[in-house]
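These notes are about the structure you will find just below.
The values are calculated or read from the model by the stated rules, or taken from the named source; none is laboratory data. As the structure is a prediction and not an experimental result, all values here were calculated from the model. Backbone-built Cβ (ideal geometry, glycine too); neighbour counts: all protein chains shown.
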Amino acid sequence: MSDMKAQGRLPGEPVAIVDIGSNSVRLVAYESHARAPTPTFNEKVLCGLGQGVATTGLLPEDAVAKALAALHRFRVLCDTMRISDLRSIATAAVRDAANGPQFLSLAQRAMGCKIELLSGSQEARLSALGVVSSIHNADGVVGDLGGGSLELTDVRGGDARHGLTLQLGSLSLMDLSERSPKRAAKIVRETLSNVKLLNGLPGRTFYAVGGTWRALARLHMRQRQYPMNVMHNYVIPSRDALEFVRLVERIDADALLSIESVSSARRPLLAYGAAVLEEIIRQANPKEIVISALGVREGLLYSQLPPETQAEDPLLASAREFNRLRSRAPEHGDELFEWTSRLMTSTHLEEDAEDKRLRHAACLLSDISWRAHPDYRGAQAYDLVVNAAFIGVDHPSRAFLALASAYRHLSNEDFVTPQSRSLVTARQLDRARILGAAMRVAYNISAAMPDVLPRAPMTCDKGQVVLTLPADLAALSSERLQSRIRQFARLIGGDPEIRTLNNSI
């Protein structure tokens, strides 16, 4: 363990997945095969393998050549990264094309490994598992829009249920409609009208997976001047989404605000992705659209984990990895959680299971910016947490964690911008202040070292905030510690006091 930490890495071997899709061929390498896999390398090539498959039944020669060149490159990259655990999958275009088997043979030779050709039902399930594994308590329908197909799967109670695949991919629609978004909308309408799976979606969530829908969400995010750049778990209310996709269908893509954030190769597909999303909203009436950056690849990794690992909380798994890599003493994070648990139990502040879960994550993240200059630790903590590759957390909760991490270093409000404040409720902002202030007290006692906080509890008792120090720690009672306890006490409406085992100070 010490050797791994000295190298700045977590235990476990890296793993990579090559995803041969209908529009793009992508390599994603992950730090390890873990509950919350962290990408270390991500590259895609827009090959357009599915272009024309719906009408000709064949993979285009130029697309095949481009894909094989990409696969050769990916093999070299994996060798460079010393990745021996390499997995490769192919989806709709290769599955549907008459020359798919020949391409698969050439692709396996280029990759030097077996490529699994997923069936439509396998693709649907793995995409849904990617959402289940990364969105806390996902409940609704997962839609994975690729170039060649659309997979729809019901998810409920942390499980992926029945799913189906439809020939409504963005490239397929472009071909079948002869590049007419209006004709494409008619094809989508007729196809989805018979999909019974959508009947159970009203009032629930539609989880959108796939590059075209992510590109639409990125445009929506830029138009709103949204104060966070994280795509995963981005929420668009259905009415807002409906108005936006109708706009995308109506006007030329190059005229859209912030269109430069979408690659030129992806832009022609936006109207077709918008047509599919519009019809899903119109027919199924979901409460909201939630964008998932995780799909088939992550679903594949998740499906191969043992049940006890699948059952782990992905947010806490991510926070624990940050803690192990960046904190001075990783075990201190869990001690801080227990210390704040005793404190919160003694207060008048109510906590539900989600509050405790977020507080636990905040405690694990509380020491990740200690290497920064003291004047910038709060700002760095905020930026690290708000932009981290966490899963299992929505944007308001992510902002809460970032604010709590910053308040752990700063007692002032200078870093709280109107933009960051807009992402959290008044209650979340208040809780972030309280938790940050409590952690400032704790670190002044423990110096980030373990085995101290369990011996120095802070509790609330009859209107007083009481920190109890054992006799051997009595000298810690300084003016600075008293100041920090006063700051905390003001936030919850109590009078501060520091006690030792045999006298009060």
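Results, tabulated for the structure shown:
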| item | result |
| --- | --- |
| Which numbered condition A362 fails, given (1) under 30 Å from V209 (Cβ atoms); (2) outside any helix (DSSP H, G or I); (3) of a type in the set (G, A, S); (4) not assigned by TED's automatic domain parsing to the domain that holds D175 | (2) |
| Helices (runs of 4 or more DSSP H) enclosed by the stretch 180-275 - at least 2 residues per element that are surrounded by fewer than 18 Cβ atoms within 10 Å (Cβ to Cβ) and free of Cβ contacts under 8 Å to residues at least 24 places away in the same chain | 181-192, 238-250 |
| Residue count, the stretch 461-478 (criterion: over 16 Å from Y443 (Cβ atoms) and surrounded by fewer than 19 Cβ atoms within 10 Å (Cβ to Cβ)) | 10 |
| Conditions (1) assigned to a loop (DSSP other than H, G, I, E, B); (2) exposed (fewer than 15 other Cβ atoms within 10 Å of the Cβ); (3) touching a residue at least 60 places away in the same chain (Cβ under 8 Å): number failed by A329 | (2) |
| Selection status of Y382, modelled with pLDDT of 95 or more and in a helix (DSSP H, G or I) | no |
| Residue list for the stretch 278-320, restricted to those being part of a loop (DSSP other than H, G, I, E, B), in contact (Cβ under 8 Å) with a residue 60 or more places away in the chain and either of a type in the set (S, T, Y) or over 25 Å from A215 (Cα atoms) (or both) | S292, Q304, L305, E312, D313 |
| Search result, residues across the stretch 302-360 that are of a type in the set (G, A, S) and within 23 Å of Q428 (Cα to Cα) | A317, S318, A319, G333, S341, S346, A353 |
| Only one of R324, R342, R320, R328 that is out of contact with any Ser or Thr (no Cβ under 8 Å at 6 or more places or on another chain) and more than 28 Å from V132 (Cβ to Cβ) | R328 |
| Residue selected from the stretch 197-223 under the condition small (G, A, S) and touching a strand residue (DSSP E or B) at 6+ places or on another chain (Cβ under 7 Å), by the criterion nearest to S261 (Cα to Cα) | A217 |
| Pairs, first touching a residue at least 60 places away in the same chain (Cβ under 8 Å) and surrounded by fewer than 15 Cβ atoms within 10 Å (Cβ to Cβ) in the stretch 337-354, second in a loop (DSSP other than H, G, I, E, B) and not charged (D, E, K, R), C-beta under 6 Å, six or more apart | R342/P457 |
| Single residue of the stretch 388-422 satisfying the filter (acidic (D, E) and modelled with pLDDT under 95) that is surrounded by the fewest Cβ atoms within 10 Å (Cβ to Cβ) | D414 |
| Single condition Y376 does not satisfy, out of (1) in contact with a Lys or Arg (Cβ under 8 Å, 6 or more places away or on another chain); (2) among the aromatic types (F, W, Y); (3) surrounded by fewer than 17 Cβ atoms within 10 Å (Cβ to Cβ) | (1) |
